[in-house]
Amino acid sequence: MISGEVIKDLNKFKEAWVSYASMITDIQEKEYLNKKFDEYFIDSEVDVYNSVNGKTTKHKARELLQKIAKDLIIVENGCLFLQHSIFRAPAVGSFEILKNLRTYYKSNMKKAKGEGRSMDVGFYSLMQQNTKEALNTYYGIMINILSKYYNYDVAGSVTIRGRSTVSMNGLTVEYIFGRYRPYNVSIHLHFINSVVNKKIDWDYWIKWFDEVPVPTIDELLEDLLLHHDDGTYYGKEILRNRLNRLSDKERYLVYYTASFKNCIKLPKIRQLVLDIMRTQNEDYHLAQEIMDSGKDLFNIKSILYLDPMKGPKKLKPYFDELNKYFKEIMYGYYWYEGDVNEYGERLDSTEFIFKSIERDRIIITDTDSLIIYLDADMGLLKNIDGFKEATSNFSKEMLDYVTGSFVINAISTIVQEGLVRYTKMSNIDPQYGKEINYKQEFFFVTLQPTKGAKNYVGYIGIQEGVLLPTKEIDLKGLSLKKSNFNATISSRAKDLVLEMIAKKDVPDLSAILDRIDKDRRELEDMYKASDNIKMFTNTKFNRKYGELFDYEKGIDRYKAVEVYNYLYPDKEKINIPGSFKIASIDFLDRDDELEKKYPVQYERLVNYNFHRLVVKAQCGFRARIRDSFKIDKKEDINEENTNKEVMAALEQIDSKTDYNDLKEYMDSLRKYYRELKKQKKEHDESLFNAIDKTKVEKPKLSDINKIALPLDAEFVDDFITEFLATKDTIVYENLISVITEGLGLVSVRNSTGRATLSNVIAYF
């Protein structure tokens, strides 16, 4: 962000542009760039619309830039806001009160968790959640068009800023800890110049590079380009020319700035890591005593490095020096001018760039959070010579927590420096810029993502720096938690997911397949057992029959209620709206068996089927009429949107209650209109098409596939049990498939979209 004074003075503005253009293009001929500025510079007129007062004002571009540099905050969607020092919205004060209140509640919740005070945990958790919802309400009233505070631009600025910071932080992590590299050579040049122009105390930092070889040009190029360095990268020679002009000092900075892997190679960094670990190792017995007692776990973080944001006092001198390196030397990614991919496609923002790249570290993203894979970078620490001896007292689990916190500290510190740069470039007052920050919330011991967005299962060992007395399961977005699934089936699925996947460092696919096969067989047996009532799923139907639209009269739940009421006329009916149990039944190719063994039930089911097909044909005819006359499926059919001929036919069809009568009438209508058409006599083509396409088919018992049962039923009679379809066990496979697919187990979808697991393993 250049100053308003520079923008105001055209010569200074030109000089600033030439300097910037030279930096991002590596064009050294300043005279050439001066000519280009003179040739193309136009101080255009810009319209600025104020969405608060509804007025539009006109400004010269340079005048507007000057105004922005001096007084305004700029957001990625083009919205401008007055700086807080000029105008502080009243809502800001409310936000600050609520934010501080939530911090208070969360702090108490964490302390209560560490101390095992479950009732206090519940109370403070509820209070902080309520406060969070109160904070979020402001966004809701801004986006609600009926609200007096409605302003789409303000609401849009909130969301785009959230997406931008998440994606920018994601790129920072992937750049420094992973293998992301931009394609646009200008970004590389911008990065190099940003690094070499840093104002640092080189007399202090030079000792960190004692006896460290100066990186060669080829090493620098390889590190800058990584996967782009295949011999075809268009800007390689431009970068080589720029790197050749670097001093030894600048080569050090470029090489050790944007790579955590390179950073850990430095002897000084390695020594700090060992000092940090040895200090904790000496005091580990104190932490072990607390863990053995199971009390005051909150205090462990005063001994061991479990809270990346605030380590033990003993470690402060080491981390002060280490974080000084992360802040001053390492690079918090910031580039908002877009990129291009290998195919020449323009990516206009960090958001689009982040969505397009292959990620090594960021597993899952949300609107305001990232889930980061730490194991690879933790491995860099564990492979330092002497590390094993320096951590001899640690358990494997606690060592993972501590090394993980170390990596998170590095990520957080570097990301925060990027956010400082980001808020500065947005022209946000530093006092408020610091409000945009990211911190660790959960440390997952294990985490299994899925192919679905924001869906995962994992175990949390640490929450915001506090060691939990017992690991907490976190199921996000998965159907395992839903109450409308059969409890027996869903509990089996949940048990497999938790015990064989979530709790395992490396899930055993062979054992999982064996368990799935075993559960399949056992669940099928349960359907045929004397206590199979537990296999029925609780459900409900909230509409009266008279309120149903035609297309809704074929809903399985409603038909299941009808089946039960036809089968058991002497019992109390299941009424709708209402709740009931439901299960699948299967009569396919079993008509003779049913008629011989259960003649009463057979007759009743046949009667139901005839009734059902009458309803089906009637609804089908109305659907065809709607299609022919382009009538909405929720709109009544009347003479105004059809004609008298249609209404007369509809009245006759709707009056039929007997299957044979309906079939005979439809056949006669079909014959009549076909004859008219054959003789080329005047007829209603739309009506003919509706009649011709409406089939009145012979009913089949196999069409009946669901049955309901009262909620208070204590058993299932022998007839239902005998014809129960065990296909409902597929729900079990469908529930776990979203997780197992993430492990590489292939599932096949049936006609209803349910997943059936196979023993095929996909490697990718």
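The values are calculated or read from the model by the stated rules, or taken from the named source; none is laboratory data. Just so it is clear, the structure is predicted and the values come from calculations on it, not from any experiment. Every residue, glycine among them, receives a Cβ derived from its backbone with ideal geometry; neighbour counts consider all protein chains shown.
Tabulated results
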quantity	calculated
Options Ala623, Ala617; residue that is under 19 Å from Asp667 (Cβ atoms) and in a helix (DSSP H, G or I)	Ala617
Considering residues of region 44-75 that are over 39 Å from the mean Cα position of the chain (by Cα) and surrounded by 12 or more Cβ atoms within 10 Å (Cβ to Cβ) only, the residue farthest from Asp9 (Cα to Cα)	His59
Residue among Asp366, Asp339 that alone is among the charged types (D, E, K, R), within 18 Å of Ile436 (Cβ to Cβ), in contact (Cβ under 8 Å) with a residue 24 or more places away in the chain and assigned by TED's automatic domain parsing to the domain that holds Ile414	Asp366
Index of the failed condition, Asp230 passing every other in (1) of a type in the set (D, E, K, R); (2) in contact (Cβ under 8 Å) with a residue 24 or more places away in the chain; (3) not in a helix (DSSP H, G or I)	(2)
All helices (runs of 4 or more DSSP H) inside region 332-405 with 1 or more residues being over 29 Å from Met23 (Cβ atoms)	375-382, 387-390
Only listed residue being modelled with pLDDT under 90 and either charged (D, E, K, R) or within 30 Å of Lys265 (Cβ to Cβ) (or both), chosen from Glu174, Glu115	Glu115
Residues of region 527-538 that turn out to be within 18 Å of Phe723 (Cβ to Cβ), touching a Lys or Arg at 6+ places or on another chain (Cβ under 8 Å) and surrounded by fewer than 17 Cβ atoms within 10 Å (Cβ to Cβ), as a count	1
Yes/no for Met127 being more than 30 Å from Ser19 (Cβ to Cβ), assigned to a helix (DSSP H, G or I) and touching a helix residue (DSSP H, G or I) at 6+ places or on another chain (Cβ under 8 Å)	yes
Selected residue (criterion: nearest to Gln618 (Cα to Cα)) from residues of region 663-685 that are modelled with pLDDT under 75 and surrounded by 16 or more Cβ atoms within 10 Å (Cβ to Cβ)	Asp684
Total residues in region 211-227, condition more than 17 Å from His190 (Cβ to Cβ) and in contact (Cβ under 8 Å) with a residue 40 or more places away in the chain	5
Any hit, region 733-747, residues being more than 18 Å from Arg612 (Cβ to Cβ), surrounded by fewer than 21 Cβ atoms within 10 Å (Cβ to Cβ) and without any contact (Cβ under 8 Å) to a residue 24 or more places away in the chain	yes
Output for region 686-725, where each listed residue is in a helix (DSSP H, G or I), among the aromatic types (Phe, Trp, Tyr) and in contact (Cβ under 8 Å) with a residue 24 or more places away in the chain	Phe719, Phe723
Conditions (1) of a type outside the set (A, V, I, L, M, F, W, C); (2) more than 39 Å from the chain's Cα centre (by Cα); (3) surrounded by 11 or more Cβ atoms within 10 Å (Cβ to Cβ); number of the one not met by His227	(2)
Exclusive hit being of a type outside the set (Ser, Thr, Tyr) and at positive phi, set Glu464, Glu441	Glu464
Criterion violated by Ser392 - all others in (1) of a type in the set (Ser, Thr, Tyr); (2) in contact with a helix residue (DSSP H, G or I) (Cβ under 8 Å, 6 or more places away or on another chain); (3) modelled with pLDDT under 95 satisfied	(3)
Flag if Gly311 is at positive phi and more than 23 Å from the chain's Cα centre (by Cα)	no
Output for region 182-207, where each listed residue is within 19 Å of Met168 (Cα to Cα) and buried (at least 18 other Cβ atoms within 10 Å of the Cβ)	Pro182, Tyr183, Asn184, Val185, Ser186, Ile187, His188, Leu189, His190, Phe191, Ile192, Val195
Selected residue (only one of Thr403, Thr413 is surrounded by 19 or more Cβ atoms within 10 Å (Cβ to Cβ), in contact with a Lys or Arg (Cβ under 7 Å, 6 or more places away or on another chain) and without any contact (Cβ under 8 Å) to a residue 40 or more places away in the chain)	Thr403
Residue under evaluation Gly620, criteria (1) within 15 Å of Lys656 (Cβ to Cβ); (2) buried (at least 20 other Cβ atoms within 10 Å of the Cβ); (3) not charged (D, E, K, R), criterion not met	(2)
Residue among Asn638, Asn705 that alone is out of contact with any Cys (no Cβ under 9 Å at 6 or more places or on another chain), at pLDDT 85 or above and under 30 Å from Arg590 (Cα atoms)	Asn705
Candidate set: region 539-556, residues that are charged (D, E, K, R) and part of a loop (DSSP other than H, G, I, E, B); chosen: the one surrounded by the fewest Cβ atoms within 10 Å (Cβ to Cβ)	Lys544
Search result, residues across region 647-694 that are among the aliphatic types (A, V, I, L, M) and touching a Ser or Thr at 6+ places or on another chain (Cβ under 7 Å)	Met666, Ala690
Members of region 138-159 found to be over 22 Å from Ile74 (Cβ atoms) and either among the β-branched types (Val, Ile, Thr) or in a helix (DSSP H, G or I) (or both), listed by number	Gly140, Ile141, Ile145
Residue match in region 310-318 (condition: surrounded by fewer than 18 Cβ atoms within 10 Å (Cβ to Cβ), small (Gly, Ala, Ser) and either part of a helix (DSSP H, G or I) or at pLDDT below 95 (or both))	no
Among the candidates Lys698, Lys671, Lys677, residue that is closer than 17 Å to Val646 by Cβ and among the basic types (Lys, Arg)	Lys677
Test: residue in region 566-583 that is surrounded by 14 or more Cβ atoms within 10 Å (Cβ to Cβ), aliphatic (A, V, I, L, M) and in a helix (DSSP H, G or I)	yes
Residue match in region 631-646 (condition: touching a residue at least 60 places away in the same chain (Cβ under 8 Å), outside any helix (DSSP H, G or I) and under 49 Å from the mean Cα position of the chain (by Cα))	yes
Condition check for Phe326: in contact (Cβ under 8 Å) with a residue 12 or more places away in the chain and either surrounded by 21 or more Cβ atoms within 10 Å (Cβ to Cβ) or part of a loop (DSSP other than H, G, I, E, B) (or both)	yes
Residue check for Lys596: at pLDDT 90 or above and not assigned by TED's automatic domain parsing to the domain that holds Lys698	no
